[in-house]
Amino acid sequence: MTTATLAPTTQPTPTSTVPASPPGAHIAGLRCRACGRPEEIGPNFVCAACFGPLEVVYDYDVARVGLTREALATRPSTIWRYLELLPVDAPPSRGLAVGSTALAPADRLAADLGIDRLWLKDDTRNPTLSFKDRVVAVAVARAVQFGFDTVACASTGNLAGATAAAAAAAGLRAFVFVPSDLEPAKIDHALSYGATVVRVDGTYDDINRLGLEIADEEGWAFVNVNLRPFYAEGSKTLAFEIAEQLGWRLPDVVVGPIASGSLFTKVAKGFDELATIGLVERRDVRFVGGQPAGCSPVATAFAAGDGAEIIPVRVPDTIVRSLAIGSPADGPYAIDLARRTGGSIEAVDDADTAAAIRRVAATEGIFVETAGGVTVSAAAQARTAGIIRDGDEVVALLTGNGVKTPDARRFGVDEEAAPPAEPIAATYSAFSARYGGA
């Protein structure tokens with residue numbers, strides 16, 4: 001079957017993008033992911049009965065009526081085109097244009113990896129150059145609806161910039177909390193949007209615990225704490241776009257990075273929801289995840305076999321800061337997803353990550369950050385292990401732009417052995433003497 005990437009919607013924005021149902025009718029409430037206890041919609045993330053995580057529940061009958069292919073053809077090319085499967089009452093009146101990123105064919109990289117059909121979901125093109133714009137857009141829209149005036153986050157880097165930018169666009173204050181050794185480019189990025197950047201001596205997990213306390217004491221909207229059930233739903237828009245861009249069908253394999261595990265599992269939820277409301281035919285999709293070997297609690301537990309517990313990594317040791325979460329909240333769900341779909345979770349050495357960054361740039365012209373390097377390396381390892389099979393159609397999620405981690409591509413390269421060339425004189429003869437015949 002021949003596949004093609006769908007062009008972005010070019011129709012003019014309709015007079016009204018609000019569905020026929022009352023605003024928010026598609027949202028049924030919150031429910032504990034562990035015990036199933038229902039909760040009312042609100043800035044809450046933990047079950048009062050068992051302390052399990054809460055997630056959003058939808059009325060799929062309402063979604064089925066409002067979210068049709070015909071309706072989508074009239075809607076703008078942003079994540080809000082999928083409103084009936086997102087946890088907000090209506091599209092926000094202010095915000096960044098997030099989503100509808102390219103699904104790029106990657107024939108040269110596929111040949112390099114031994115994969116027959118490969119697509120790259122290129123979220124390096126979002127407003128702040130990472131997929132975090134998706135989750136933050138949903139969280140901030142919900143924060144406005146709840147009446148918050150300040151948003152905050154605990155971040156390993158990309159989330160800081162996304163939160164700062166989304167807050168600026170919505171007219172809210174922003175505080176972002178990051179490890180003190182975070183890449184300077186990511187700190188500068190958040191500062192550029194006017195956010196208050198709080199550097200903390202500690203790991204991401206230390207900062208996340210601090211965020212729990214601050215959210216309670218200050219009454220702020222922490223996108224990945226008290227707004228986590230809404231925030232996490234933004235990752236589903238990757239699944240919605242992939243299915244639409246493939247002509248309303250699902251691929252054989254999805255490969256993505258694992259930090260907390262939320263992105264990984266929510267893409268699967270997104271595919272399931274599309275099948276539930278009849279936009280795609282339900283089929284099995286294998287899920288392959290990647291973690292840096294220096295912070296791979298989920299991959300380690302997966303390799304240990306059924307029943308193995310996730311042992312937190314206290315001190316991550318990796319260049320992949322964006323995935324360095326030692327105690328991943330959704331780790332068990334990520335393992336379950338990989339096992340039941342016949343996928344895997346791969347641990348990737350930093351040298352392989354850096355080599356993959358260079359490989360993607362050289363073969364496909366896309367400069368990815370370290371999480372993208374992990375994803376591509378995980379795909380290569382899964383192909384070698386037979387998880388990715390002959391003839392499979394594979395989608396790899398590239399979640400961040402390499403300009404945020406410019407030094408990572410040089411990791412493992414002996415620059416002393418190949419120093420940068422000395423400058424030449426501004427003459428053709430000087431150029432020809434050095435590069436003639438190249």
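The values are calculated or read from the model by the stated rules, or taken from the named source; none is laboratory data. Treat the numbers as computed from the prediction; the structure is a model and nothing was measured. We place every Cβ from the backbone using ideal geometry, glycine too, and count neighbours over all the protein chains shown. Note: accessible area is taken over every heavy atom of the protein model, side chains too, but ligands, DNA and RNA are not part of it. Shrake-Rupley method; radii C 1.70, N 1.55, O 1.52, S 1.80 Å.
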Per-residue HN-Hα couplings for the range 111-118, Karplus 6.51 cos²θ - 1.76 cosθ + 1.60 at θ = phi - 60°, whole Hz, x for Gly and Pro? 4, 5, 8, x, 9, 6, 9, 9
Apply the Karplus curve 6.51 cos²θ - 1.76 cosθ + 1.60, θ = phi - 60°, to the phi angles in the range 298-313 and return the couplings in whole Hz, x for Gly and Pro. 6, 4, 5, 5, 4, 5, 6, x, 3, x, 5, 8, 7, 9, x, 9
Total charge dipole magnitude, the range 333-409, about the Cα centre, Cβ charges on Lys, Arg, Asp, Glu only, Debye to nearest 20: 40
Using a probe of 1.4 angstrom, how much of the accessible area of the range 80-205 is carbon and sulfur, in percent? 50
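Compute the Cα gyration tensor for the chain, then decide on rounded, prolate or oblate, letting a ≥ b ≥ c be the square roots of its eigenvalues: rounded whenever a/c is under 1.5, prolate when a/b is larger than b/c in the other cases, and oblate in all that remain. Please report the intermediate quantities before stating the final value.
Numbers: a/c = 1.43, a/b = 1.31, b/c = 1.09.
Rounded shape, in that the Cα axes give a/c under 1.5.
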Label point distance in nm, residue 48-residue 199, each placed 7 Å from Cα along Cα→Cβ: 4.2
Sort the range 335-396 into rounded, prolate or oblate with this rule: let a ≥ b ≥ c be the square roots of the eigenvalues of the Cα gyration tensor; rounded if a/c is under 1.5, and if a/c is not under 1.5, prolate when a/b is larger than b/c, oblate otherwise. prolate
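Using only DSSP helix segments of four residues or longer, with each worth -39500 (n - 2.57), what per-residue ellipticity at 222 nm results for the chain after dividing by its residue count and rounding to 500?
-11000 deg cm²/dmol
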Enter the accessible area per residue of the chain (Å², integer; probe 1.4 Å; all protein chains in place). 42
Given charges at beta-carbon only (K, R positive; D, E negative), |dipole| of the chain in Debye: 820
Please list 3J(HN,Hα) in residue order for the range 423-435, calculated via the Karplus relation 6.51 cos²θ - 1.76 cosθ + 1.60 where θ = phi - 60°; whole Hz, with x for glycine and proline. x, 9, 5, 7, 9, 5, 4, 5, 5, 5, 5, 8, 10
